[in-house]
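Take a look at the structure below.
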Amino acid sequence: MIADAQGAEAILDVATPELMATTHIIYIPRGADFAERLRSLNPQQFYEGPSYAASVSRIRRILQDAHMGLQVYLAGSEGLMGQAQNEAMQAGIPHT
């Protein structure tokens, strides 16, 4: 799951303990304050980055190491979602 700013609210809405057990959250606050609430969901992995540019190498690594069945969930600004979707498509993950 990749989100920025208030996009974190979408993650909070869908989070269940079962889902979080296998979820890697990448969050870019952009002035919002949801990091602690996201951490409290106990995701398998959590990363808070200062910007998309600072987070993109991590996103690329996760997508490159992905196994069959990976689902990518994007929430937040159009800019973040477009950039992250582009990274996923470059890694061979269909946008659908």
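The values are calculated or read from the model by the stated rules, or taken from the named source; none is laboratory data. The structure presented is a predicted model; accordingly, all values stated were derived computationally and were not measured. Here Cβ is always computed from backbone atoms with ideal geometry, including for glycine, and neighbour counts include all displayed protein chains. Side chains included, ligands, DNA and RNA excluded: accessible areas come from the protein's heavy atoms. Shrake-Rupley method; radii C 1.70, N 1.55, O 1.52, S 1.80 Å.
For the range 3-90, what class follows from the C-alpha gyration tensor (a ≥ b ≥ c being the square roots of its eigenvalues): rounded when a/c is under 1.5, otherwise prolate if a/b is larger than b/c, else oblate? Oblate, since a/c reaches 1.5 and b/c is not below a/b. With the simple spin-label model, which puts each label point 7 Å out from Cα in the Cβ direction, the GLN44 to THR22 separation comes to 0.7 nm.
Each residue of the range 41-55 is assigned a 3J(HN,Hα), and the resulting list reads 6, 6, x, 4, 9, 9, 9, 10, x, x, 7, 5, 4, 6, 9 Hz, derived from the Karplus form 6.51 cos²θ - 1.76 cosθ + 1.60 (θ = phi - 60°), x at Gly and Pro.
Between ILE25 and GLN45, PHE46, TYR47, the built amide H atoms are under 5 Å apart, and every one of these is 5 or more places off in sequence or on another chain.
Shown in residue order for the range 77-93 are the 3J(HN,Hα) couplings computed by the Karplus curve 6.51 cos²θ - 1.76 cosθ + 1.60 at θ = phi - 60°: 6, 4, x, 4, 5, x, 5, 5, 5, 4, 4, 5, 5, 5, 7, x, 9 Hz (x for Gly and Pro).
Computed from the C-beta positions of ALA32 and ASP65, the FRET efficiency with R₀ = 35 Å rounds to 0.80. Extension gain, ALA10 to SER57, is 14.6 nm, computed as 0.36 nm per intervening residue step minus the present C-alpha separation. In the context of the full set of protein chains, residues of the chain present 61 Å² of accessible surface per residue (probe radius 1.4 Å, heavy atoms only). Between the range 31-96 and the range 8-29, the C-alpha centres lie 11 angstrom from each other. Compute the Cα gyration tensor for the range 39-86, then decide on rounded, prolate or oblate, letting a ≥ b ≥ c be the square roots of its eigenvalues: rounded whenever a/c is under 1.5, prolate when a/b is larger than b/c in the other cases, and oblate in all that remain. Cα axes put the range 39-86 in the rounded bin.
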